[in-house]
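Since the structure comes first, as structure tokens, the remarks are kept for the end.
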Amino acid sequence: MNDAERENYRGNEAAFAWRPEARVPQVKGSAASFGAERQGIATCFSREGAAAWAACGPFEWVALAYLAVSSALISVFAENLAHPVKLFGVQALAAALVLALCRVEARVAEQAKQQGQTSASRFWRFWRHWYPHLFFLFCFEEMGKLVHLVTPAWQDAKLIAFDQWLTGVNPSLWLERFQQPALNEFMQFAYFTYFVFLLILGGILYYRRDWESYWGVMTYSAVGYVLGYVISMFFPVQSPWFTFANMWHGDLTGGPFTALINMIEKCGRVHGAAFPSQHVAGAVAALWGAWRHRRWLFWIFLPFALCMCVSTVYIRNHYVVDVFGGMATGTLGYVIGRRIMKTRGAVATEAG
């Protein structure tokens, strides 16, 4: 090798040493490639999670907070439950469904801003606004599993003593002397009206596209219910229907509303969670919502709500103190819910 060739070889060697392309390429499936792929998946999940949370409104803040608190209580008091892992999984699934629904609806609504309303956007908007009713039902039915989460023993004796101190009698047993088919039917009808207060008020606000008022009403109800659910975990009460099961002189007889309520109770009755009355709490929260957002509807609801409060005792589902407790939690739901609605970013809107 002459001097010129030797010099040329050294130059090529130096160039090769400094060229970036000379580095050993990463083999697909290597540890480095797998780590990058895993990081990309984690980033995607994190981004979607942040977008889902951003799509949540005040109702979801309350709902997800309740699921977090109840899950924490399940973890702490797992020994009081038959299937704590299963219940924990159900809680996680419920939270995931709420976040997924909010994310999907927000994405579809964003597309609707550019392309106009479609059947898909209307579909997801409907479920985004009306799923709270299903969430309330889910939480109430779940209380049948969580009622002894913190306190194993029933606390009915304390409420029976309070009712007797307040009225001088046992109200549910005392009211039995007035039972007759016509009065039974009226009381069952009054009890049934609970199921339509929030549906009617929410339906009017939804039809008018008054989204701020709509989510305000849902948030008032959510806070009232959540307070009641948490109290029921610490202070389990099973209701007169169970406590005095051997003392009634007969079943309540009546007409179609009596049959309807009996069917509802047969399919969805929860053993426990009687204090505070969730029926009263939900009705009172809806009443306050009507007072604030549709005052004329408040005056229509009021007499039915008062009769409903009496009916809960008459048809043996609650003690008198349960009614007072429901009034308190329903009112607190309205007060706290109004504060939440004043939080920045609380008002949920949708495209168009």
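Checked against (1) surrounded by 19 or more Cβ atoms within 10 Å (Cβ to Cβ); (2) touching a Phe, Trp or Tyr at 6+ places or on another chain (Cβ under 6 Å); (3) part of a helix (DSSP H, G or I), residue 216 passes all but a single condition, namely (2). If I filter the range 142-150 for residues that are under 18 Å from residue 65 (Cα atoms), at pLDDT below 95 and not aliphatic (A, V, I, L, M), do I get at least one hit? Looking through the range 142-150, at least one residue is under 18 Å from residue 65 (Cα atoms), at pLDDT below 95 and not aliphatic (A, V, I, L, M).
Any residue in the range 109-118 that is open to solvent by less than 60 Å² (accessible area, probe 1.4 Å), within 17 Å of residue 53 (Cα to Cα), assigned to a helix (DSSP H, G or I) and at pLDDT below 95? For the range 109-118, residues open to solvent by less than 60 Å² (accessible area, probe 1.4 Å), within 17 Å of residue 53 (Cα to Cα), assigned to a helix (DSSP H, G or I) and at pLDDT below 95: present.
Collect the residues in the range 236-245 that are of a type in the set (A, V, I, L, M, F, W, C), in contact (Cβ under 8 Å) with a residue 24 or more places away in the chain and either closer than 15 Å to residue 187 by Cβ or assigned to a loop (DSSP other than H, G, I, E, B) (or both), keeping them in residue-number order.
Within the range 236-245, 237, 241, 244 qualify.
Here's a check for you: in the range 45-95, which residue that is assigned to a loop (DSSP other than H, G, I, E, B) and surrounded by fewer than 18 Cβ atoms within 10 Å (Cβ to Cβ) is modelled with the highest pLDDT?
Within the range 45-95, the first condition is being assigned to a loop (DSSP other than H, G, I, E, B), and the residues that meet it are 56-57, 77, 81-83.
Going one step further and asking which of them are surrounded by fewer than 18 Cβ atoms within 10 Å (Cβ to Cβ), we end up with 77, 81-83.
Details: 77: 93, 81: 88, 82: 86, 83: 88.
The extreme case among them is 77.
The values are calculated or read from the model by the stated rules, or taken from the named source; none is laboratory data. All figures in this text were calculated on a predicted structure; none of them were measured in a lab. Cβ coordinates were reconstructed from backbone atoms using ideal geometry, including for glycine residues, and neighbour counts include every protein chain displayed. The accessibility values were calculated without ligands, DNA or RNA, using every heavy atom of the protein model including side chains. Shrake-Rupley method; radii C 1.70, N 1.55, O 1.52, S 1.80 Å.
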